[in-house]
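Notes to accompany the following structure.
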Amino acid sequence: MNKKEIEYKIMELKDEYVQLQHNLEKLEYVKGNLDPLEKRISAIEEELRTLNQLLRK
């Protein structure tokens with residue numbers, strides 16, 4: 001991946017992260033199943049960490 005691709009992927013993941021947080025808040029309100037969203041949020045955080053490390057190199 002080149003720098004532009006990494007930056008674009010980071011932007012996409014951040015957008016997805018914000019959407020998932022919003023959905024998580026909704027599910028908390030209605031006492032829904034939070035586990036799948038929490039797992040995806042954790043996966044996004046890890047992927048963002050990895051991509052940011054790549055970007056710094």
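Each reported figure results from applying straightforward, stated rules to the coordinates on display, with no laboratory input. Quantities reported herein were computed from a predicted structural model and do not represent experimental measurements. Cβ placement follows ideal geometry from the backbone for every residue including glycine, while neighbour counts extend to all protein chains displayed.
One table, with the values for the structure above:
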read-out: With Cα atoms, 0 to 90° folded angle of helix 3-29 axis to the chain main axis; value: 10 degrees
read-out: Candidate aspartates and glutamates for bridging to residue 39, where Cα separation is under 16 Å - those fewer than 8 sequence places away on the same chain excluded; value: 16, 25, 28, 47
read-out: Scaled radius of gyration (Cα, divided by 2.2 N^0.38 Å) that the chain gives; value: 1.31
read-out: Point-to-point label distance, residue 22-residue 3, nm (Cα→Cβ direction, 7 Å offset); value: 3.2 nm
read-out: Chain lengthening between residue 15 and residue 46 when straightened (0.36 nm per residue, less Cα-Cα); value: 9.7 nm
